[in-house]
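Undergrad: Handing you a structure now.
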Amino acid sequence: MEKLRNKECLDKTIEHICNDFELSYIDLVSRRRVKELSIARWLIFNLLKTNSILSLVEIGDKYDKDHTSVIHGIREIHIREPKLVSKYQAVYEDCKR
């Protein structure tokens, strides 16, 4: 079974997030906790949880984090940056059309 529905749209949206925050995949999997980097990671965690059937553990494994970091990130992004959540969800939805 395909774990990532609309994988190309997820990839494009993640690439869009990385471009907006001027980050690479290496940055995302690093141990650094700079605010912009954390926000980008949390946006990606939320995007993957909302739009794929990946488990929290699988999402964490992709970015070298544990599942509790993914849970924390999803909660925090909705509290701190709900407009960014909406923005990138819209980017994802536009790609699906």
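Undergrad: First compute the accessible area of the chain with a 1.4 Å probe, then give the percent of it belonging to carbon and sulfur atoms. Could the numbers behind the result be given before it?
TA: On the way: 3090 of 5960 Å².
C and S atoms contribute 52 percent here.
Undergrad: Report, in listed order, any pair from 35/62; 49/87; 65/87; 7/49 with a Cα-Cα distance greater than 22 Å. It would help to have the intermediate numbers written out before the result.
TA: On the way: 35/62 20 Å; 49/87 16 Å; 65/87 24 Å; 7/49 13 Å.
65/87, as the Cα separations exceed 22 Å there.
Undergrad: Can you return the aspartates and glutamates within cross-link range of residue 83? Criterion is Cα-Cα under 20 Å, with same-chain partners fewer than 8 residues away left out.
TA: 15, 20, 22, 36, 93, 94
Undergrad: Please compute the modelled spin-label separation between residue 25 and residue 72, points set 7 Å along Cα→Cβ, answer in nm with one decimal.
TA: It works out to 2.5 nm between the two label points.
Undergrad: Shifting gears a bit: I need the shape label for region 9-58. Rule: rounded when a/c is under 1.5, else prolate if a/b > b/c, else oblate, with a, b, c from the alpha carbon gyration tensor. Please list the in-between numbers first.
TA: Numbers: a/c = 2.05, a/b = 1.36, b/c = 1.51.
Verdict is oblate for region 9-58.
Undergrad: Using the Cα centre as the reference, give the magnitude of the dipole from point charges on the C-beta atoms of the chain (Lys, Arg: +1; Asp, Glu: -1; all else neutral), rounded to the nearest 20 debye.
TA: Numbers: 18 positive and 16 negative charges, 53 e Å.
So the magnitude is around 260 debye.
Undergrad: While we're looking at this one, here's another question. Percent relative contact order of the chain, based on C-alpha pairs within less than 8 angstrom and at least six residues apart? Write out the running numbers ahead of the final one.
TA: Values: 87 pairs, mean separation 33.1, N = 97.
Rounded, it is 34 percent for the chain.
Undergrad: Are there cysteines in the chain with no other Cys C-beta under 4.7 Å, and if so, which?
TA: Among the cysteines of the chain, those whose Cβ sits 4.7 Å or more from every other are 18.
Undergrad: Take the alpha-carbon positions of the chain, form their convex hull, and give its projected area averaged over all directions (one quarter of the hull surface) in nm².
TA: In nm², the orientation-averaged hull projection of the chain is 5.7.
The values are calculated or read from the model by the stated rules, or taken from the named source; none is laboratory data. Model, not experiment: these values are computed from the prediction. Glycine also receives a Cβ, built like all others from the backbone with ideal geometry; neighbour counts cover every protein chain displayed. Surface areas here come from the heavy atoms of the whole protein model, side chains and all, with no ligands, DNA or RNA. Shrake-Rupley method; radii C 1.70, N 1.55, O 1.52, S 1.80 Å.
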